[in-house]
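Only one structure is covered here, and it is reproduced in the block below.
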Amino acid sequence: MAENSESINELKGEIAGSRQRVANELRGLRYELDFPAKFRRSFRKQTGSWVSAAAAVGALIALAPMRKKEVYVDARTRHKRDKKLMETGLAMAAIKLVGNLARPIVMEFVKNRFFYSGQPSRGRK
């Protein structure tokens, strides 16, 4: 009988130790996977490195497209290009006019369709 109670106590002790190890491992895993906190700590400790790296990346992005392109213009196609430009301008003006005229209708539809109109809906009672 005494042997049984000792083995039960040993098992309880092992279970408690195992729970403690699992809790410690879980705490460590949460700490390792907390990337926002890691970035904040890293920025606090190495502010100069982060700022200089950001400046270098910004300079690369800003200076990368600074290559010169050669553009060849054919004088004979100028008339066609001017005509296309005028057609495009007229089309854009027409679209803007239609959009300005249709805006109140569309806004009223959206307001009535998607926002509360003051009346209870038919589906709910």
Any idea what the dipole of region 1-59 comes to, in debye rounded to 20, about its Cα centre with Lys/Arg Cβ at +1 and Asp/Glu Cβ at -1? 700
Determine, for the chain, the count of lysine pairs separated by eight or more sequence positions (or lying on different chains) whose alpha-carbon distance falls under 29 Å. 11
Run the simple label-point estimate for residue 52 and residue 103 please: 7 Å along Cα→C-beta, distance reported in nm. 5.1
Approximate spin-label separation residue 18-residue 59, in nm, with each point projected 7 Å along Cα-to-Cβ: 5.9
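All of the numbers you see were taken from the coordinates with simple rules; none came from a lab. Fair warning: this is a prediction, and the values are worked out from it, not measured in the lab. A quick note on method: Cβ atoms are made from the backbone with ideal geometry, for glycine too, and the neighbour counts reach across all protein chains shown.
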